[in-house]
Each structure stands twice: as C-alpha cells, then as structure tokens.
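*Asks:* Structure incoming, see below.
The values are calculated or read from the model by the stated rules, or taken from the named source; none is laboratory data. As the structure is a prediction and not an experimental result, all values here were calculated from the model. Cβ sites come from the backbone with ideal geometry, for glycine too, and all protein chains shown count toward neighbours. Accessible surface areas use protein heavy atoms only, side chains included; no ligands, DNA or RNA. Shrake-Rupley method; radii C 1.70, N 1.55, O 1.52, S 1.80 Å.
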Amino acid sequence: MNKELDYQKIKDAAEAYRPQMTAFLRAMISKPSESCEEGEVVAVIKAEMEKLGFDEVKVDGLGNVMGFMGDGDKIIALDGHIDTVGIGNIDNWNADPYEGYETDDVIYGRGGSDQEGGVCSATYAAKIMKDLGLIPEGYKIMVVGTVQEEDCDGMCWQYIYNKDGIKPEFVISTEPTDGGIYRGHRGRMEIRVDVKGVSCHGSAPERGDNAIYKMADIIADVRDLNNNGCDESTEIRGLVKMLDPKYNPEHFEDARFLGRGTCTVSQIFYTSPSRCAVADSCSISIDRRMTAGETWESCLQEIRDLPAVKKYGDDVQVSMYNYDRPSWTGEVYETEAYFPTWINKESAPHVAAMVEAHKALFGDERQGPDCAMDLRHRPLVDKWTFSTNCVAIQGRYGIPCVGYGPGAESQAHAPNEVTYKDDLVTAAALYVASVNLYDGDAVCESATEFRADNLGTDNDGE
C-alpha cells in the first residue's frame with residue numbers, strides 16, 4: 001500500500017473541513033450520551049455520515065454506529081466511543097456542559113476530548129480519503145462510534161467481533177493522546193470483596209460481629225498493596241514489584257514501559273438492620289490496573305492472600321464483577337469485567353505507518369495549539385495512562401491497534417472539558433496518511449510485544 005503522497009494536499013483538505021468538523025463535534029456534544037443512553041448522538045453521527053456520502057451506514061444490534069467507505073474485502077477501522085461520563089457537580093462547570101461555547105482554539109463541553117472529537121476526525125478522514133482517491137485498493141475504511149465504553153471498555157468490540165462478525169486488519173483508536181502515537185496501555189479489572197458479619201443491637205456491639213470493622217482491616221491491606229515497596233522484610237509486597245526482574249523476570253521491561261500496576265478501593269457498601277445496629281455485611285469494589293506480567297487470576301489471588309482476608313477466612317469472598325447492563329437498544333451482552341493489557345512493537349507495520357505519516361506531515365515532535373503544549377513535550381511514541389476499547393480489539397482478539405486522537409487525557413472526566421480545533425484537523429490528516437502508508441504485506445512475525453493471556457472466558461472468541 002506504500003505510495004507517494006501529496007502531504008500538503010492532505011493537510012489542506014483537512015484544514016478546509018475545520019468549520020464542518022467544529023459544527024459536527026458541537027452537534028454531538030449537544031446530545032447527552034452517558035453509557036446506555038447514546039441513541040440521540042448515534043442519530044447525529046449517522047446523519048453526518050450519510051450527508052458526507054459514506055458508501056454504507058448502519059447501526060448494529062448493540063447500538064454501535066458504523067460507516068464504511070470503499071468496497072474492498074479487507075477492513076481498516078477507526079474506532080471512537082461516543083458515550084460519556086456524567087457531568088458530576090454542575091457547580092464545577094463554568095458553562096453548560098452540553099451547549100458550552102467555542103473560541104478560536106477550543107470547543108467546550110462534555111465529551112469533546114473523551115472522546116467524540118476522535119469520531120469527528122475519523123469521519124472526516126474517511127471523507128477526505130474518498131475526495132482524494134486515497135481509499136487503499138482492496139480495503140474499505142470503517143469508522144465506528146462505539147457504545148458503553150465508559151461502563152465496560154471493549155465490550156462493544158466483543159459484540160462487533162462475535163455478533164457482527166467484523167474482523168479488521170488493524171484498528172486506529174481515536175482516544176485522546178495529547179498529540180502522541182500510542183502503542184499500548186495497562187489492563188484493568190473490577191474486583192469485589194464481600195465480608196460477612198452478624199448484627200446485634202448497637203448498645204452491646206460485643207454480641208455481634210461487625211462486618212465494617214473486618215472490612216476496615218482489609219482496606220488497610222489493599223492500601224498497603226498499592227503503596228508498599230517490595231523489600232523482602234515487607235509483609236505485603238507492593239505492586240511496584242512487577243517492575244523488578246526478580247519478581248517479573250519475563251516482562252519487567254514491558255512493565256516499566258507501561259508503568260506499575262495499581263489498586264484502589266473505589267466503592268463501599270454495607271447492610272445493617274438500622275443505624276443503631278452492628279453491620280452484618282460489607283462490600284468494596286477495587287479498581288485494579290494491571291501491568292505486563294499480571295493476569296486476572298494473579299490479581300484475584302493477591303487479594304485472597306492479604307493477611308486480613310486470610311484472617312477472616314470463609315467470611316470473605318473475592319470475585320470479579322460481571323457486566324450486563326442493557327444498551328440503548330435494549331440488547332444485553334454479558335461479560336466479565338476483565339480488560340487485558342497489551343503493547344505493540346514500535347516496528348509493527350501499523351505503528352510504523354503512523355510514525356512515518358506523522359514525520360512526513362508534521363515532523364518528530366507532538367503537535368498542538370499553544371494552550372495545550374505544556375503537557376506535550378514528551379516522546380512522540382508512548383502509551384495511554386487509562387484504558388481503551390483496545391483491551392478487547394488487541395487484548396482479547398489480537399487485532400493490532402495503534403492510538404492517536406484529538407484532545408488531552410487530562411480533560412477526560414474533568415469538569416470544563418475542552419478539546420482543540422487544531423487537533424481535529426491534525427488527526428484527520430494523520431489518519432489519511434497513516435492508512436495509505438500502511439504496508440499490509442510487510443514481513444512481521446507478530447505486531448504484539450505483550451498481550452495478557454488467561455482470559456478464561458466464553459466470550460473471547462478464541
């Protein structure tokens with residue numbers, strides 16, 4: 001697919017669509033679209049794709065909206081999720097999160113960076129490919145606005161892979177990257193710990209067995225698991241140990257690239273007959289971020305091996321959450337809340353194509369408006385801090401992924417969210433050039449540097 005490209009022509013075409021991209025993104029932002037409530041923004045995207053002359057536009061059973069350009073048998077996909085988190089405390093916002101405003105530089109509102117801006121750039125990139133005759137021969141370009149990522153990242157792609165039967169050759173994730181090209185990120189899982197107690201009257205607590213007190217001991221151990229070092233004398237060796245070849249001999253270098261795993265208590269629940277009674281149960285949720293070398297079973301076992309968990313024996317149960325919320329269409333795709341770690345080689349054809357395209361279009365340094373550059377003086381090729389749909393695309397199914405998206409990671413889930421008009425244009429141009437520099441015939445034993453295994457799932461398609 002390698003060819004001589006007129007890079008200035010690609011940049012000019014992307015710049016010419018700046019006003020339309022701005023209007024499209026503002027239209028998406030104006031439709032509240034929290035997970036499982038994306039129907040209105042799907043309608044906006046579908047209408048835009050049809051207006052731009054996509055060859056096929058459809059919405060699948062889960063509610064993902066897909067547009068296709070070209071008629072080849074092989075697919076290159078550009079993915080962006082179209083659900084957002086809520087707005088939180090409205091008092092923390094300086095303007096309406098769904099109407100907002102724009103300046104010469106930014107577009108304000110919930111979902112601009114995380115991550116409807118990516119869908120905007122991808123949609124117009126496909127249009128530019130059609131305008132300039134740059135849809136690669138034998139391929140079709142798939143732009144997909146995926147649902148429920150904030151609730152259960154990658155579940156949408158489990159549905160696309162297993163139910164729709166769509167298996168792209170590679171996927172560009174349009175999640176925000178602060179002007180960088182990202183080739184991996186940590187995985188994660190959602191762990192639940194349940195503790196039993198016995199209630200009694202609060203005036204004589206010694207007659208009962210307070211589940212909250214038991215859980216307090218466990219929470220302290222979870223904090224130590226995250227915060228401690230890994231010295232031999234430490235009873236609970238901290239998760240930093242996976243950066244040490246002594247504890248992670250096969251994957252410590254990959255772990256150092258991704259960063260250490262983390263765990264934190266994110267929710268707490270209890271039951272009690274009344275406010276003047278001893279609690280008879282207590283539960284917590286643990287957000288566990290996983291680096292290279294960690295598996296779902298190793299992460300569960302670390303919690304089971306905590307001193308306080310062992311102390312309370314059969315009164316404690318450690319498990320992983322399942323996800324089964326109906327989508328906006330009413331469809332349910334149940335899956336476990338496990339999201340595998342992945343890294344691609346920098347030399348992989350799809351990563352190399354994006355790096356080559358960036359250098360040809362913009363040079364070796366990250367791009368962005370002046371107001372965003374304080375966070376962008378970093379290596380061009382890097383990794384995300386958070387998790388994306390790539391946990392399924394590459395983590396479960398081994399379909400190579402590479403990431404580049406308009407906006408900033410720091411804007412994700414924050415009040416007064418903005419994205420940058422320059423980024424929309426830059427991303428659209430980069431997608432066009434990357435796809436056309438990709439060499440699907442390049443010799444590459446494996447694109448994958450690291451991919452977590454031990455899925456143990458009926459939904460993984462393998």
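*Asks:* Which residues, counting only those in region 98-112, are surrounded by 21 or more Cβ atoms within 10 Å (Cβ to Cβ) and either under 14 Å from residue 20 (Cβ atoms) or touching an Asp or Glu at 6+ places or on another chain (Cβ under 6 Å) (or both)?
*Replies:* Listed by number, the residues that qualify are 107, 110, 112.
*Asks:* Mind telling me which of the residues 21, 28, 49 ends up being outside any loop (DSSP other than H, G, I, E, B) and closer than 15 Å to residue 142 by Cα?
*Replies:* 49
*Asks:* Mind counting the residues in region 191-207 that are over 41 Å from the mean Cα position of the chain (by Cα) and crowded, with 18+ Cβ neighbours inside 10 Å?
*Replies:* Here the count works out to 1.
*Asks:* Name the residue, out of 10, 75, that is closer than 23 Å to residue 177 by Cα, of a type in the set (Val, Ile, Thr) and buried (at least 17 other Cβ atoms within 10 Å of the Cβ).
*Replies:* 10
*Asks:* Specify which of the listed residues (79, 96) is at negative phi, of a type outside the set (A, V, I, L, M) and without any contact (Cβ under 8 Å) to a residue 24 or more places away in the chain.
*Replies:* Residue meeting the stated conditions: 96.
*Asks:* Taking only pairs six or more apart or across chains, which ones have beta-carbon atoms under 6 Å, a first residue in region 309-321 that is more than 15 Å from residue 213 (Cα to Cα), and a second residue that is assigned to a helix (DSSP H, G or I)?
*Replies:* So the pair list comes out as 318/300; 318/303; 318/304.
*Asks:* While we're on this one: Output the residues belonging to region 404-441 that are open to solvent by 10 Å² or more (accessible area, probe 1.4 Å), in a loop (DSSP other than H, G, I, E, B) and aromatic (Phe, Trp, Tyr).
*Replies:* 438
*Asks:* From the list 154, 138, pick out the single residue that is open to solvent by less than 50 Å² (accessible area, probe 1.4 Å), at positive phi and more than 24 Å from the chain's Cα centre (by Cα).
*Replies:* Just a single option satisfies the conditions, and that option is 138.
*Asks:* Residue 34 is checked against (1) over 22 Å from the mean Cα position of the chain (by Cα); (2) open to solvent by 60 Å² or more (accessible area, probe 1.4 Å); (3) not aromatic (Phe, Trp, Tyr) and fails just one. What number does that condition carry?
*Replies:* That leaves (1) as the condition not met.
*Asks:* Just name the residue that is farthest from residue 451 (Cα to Cα) out of those in region 236-257 that are open to solvent by 30 Å² or more (accessible area, probe 1.4 Å) and of a type in the set (A, V, I, L, M).
*Replies:* Of everything passing the filter in region 236-257, 240 is farthest from residue 451 (Cα to Cα).
*Asks:* Can you find a residue that is over 28 Å from residue 321 (Cα atoms), free of Cβ contacts under 8 Å to residues at least 60 places away in the same chain and among the acidic types (Asp, Glu) anywhere in region 215-228?
*Replies:* No: region 215-228 contains no residue that is over 28 Å from residue 321 (Cα atoms), free of Cβ contacts under 8 Å to residues at least 60 places away in the same chain and among the acidic types (Asp, Glu).
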